[in-house]
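Worksheet: one structure, shown below.
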Amino acid sequence: MAEDLAPSPADVRSPGRHRVLVVNHLPELRELIARLLRRDQHDVATAGDAGEGLALLGSGPLPCAILVDFLSPESGGPQFVFQARRDPRWSQVPIVAMTGARDGQGSESAAARLRKPFRNADLREVLGRVCGH
C-alpha cells in the first residue's frame with residue numbers, strides 16, 4: 001500500500017498539463033481519484049487534510065482546481081476553503097466540493113460540486129469547466 005502512495009513521475013509538473021490538488025482523508029479514495037486524473041493527463045498533488053493541502057498550495061505550482069471532500073471533519077473541507085479564500089495567492093483557484101449532501105449544504109463557496117458517488121465522466125466534465133479545457 002505504501003508503494004501505491006509514493007510520488008510518481010506524474011507528480012512532476014509537465015508543460016501543457018493541468019495540475020489538480022485532491023484533499024481527502026481517505027487514502028484509498030484519494031489515490032483512486034488521483035489515478036483517474038493522471039489517466040486523463042493531469043498533474044496531481046494529494047493531501048490528507050486541510051493543513052497538508054494548504055502546505056502544498058504554498059510550496060508548489062498553483063493547481064487549476066482543488067477537489068475537496070467538503071463535509072468530512074477529517075478532511076477539514078470548510079476550514080480549507082476558508083483559509084484558501086483568505087490568501088490572495090490562492091483565492092481565485094476554483095474549489096470543487098466533493099459532497100454526499102443532496103442539497104450541497106455548506107458548499108456554496110465552491111466553484112462546482114461533485115455529488116458522491118460520482119462517475120469519472122462527472123469528474124471530467126467539472127474539471128473541463130473549471131480548468132478551461
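The values are calculated or read from the model by the stated rules, or taken from the named source; none is laboratory data. Since we're looking at a predicted model, the values are computed, not measured. Here the Cβ is made from the backbone with ideal geometry for all residues, glycine too, and neighbour counts use every protein chain on show.
Some points to look at:
- Odd one out for Pro63, checked against (1) at pLDDT 95 or above; (2) under 12 Å from the mean Cα position of the chain (by Cα); (3) assigned to a helix (DSSP H, G or I): (3)
- Filtered by the rule that a residue be among the aliphatic types (A, V, I, L, M) and surrounded by 14 or more Cβ atoms within 10 Å (Cβ to Cβ), the stretch 113-133 gives Leu114, Leu123, Val126, Leu127, Val130.
- Search result, residues across the stretch 111-133 that are part of a helix (DSSP H, G or I), under 15 Å from Ala34 (Cα atoms) and of a type in the set (D, E, K, R): Asp122, Arg124
- So Leu71, is it at pLDDT below 85, surrounded by fewer than 22 Cβ atoms within 10 Å (Cβ to Cβ) and closer than 27 Å to Ala121 by Cβ: yes
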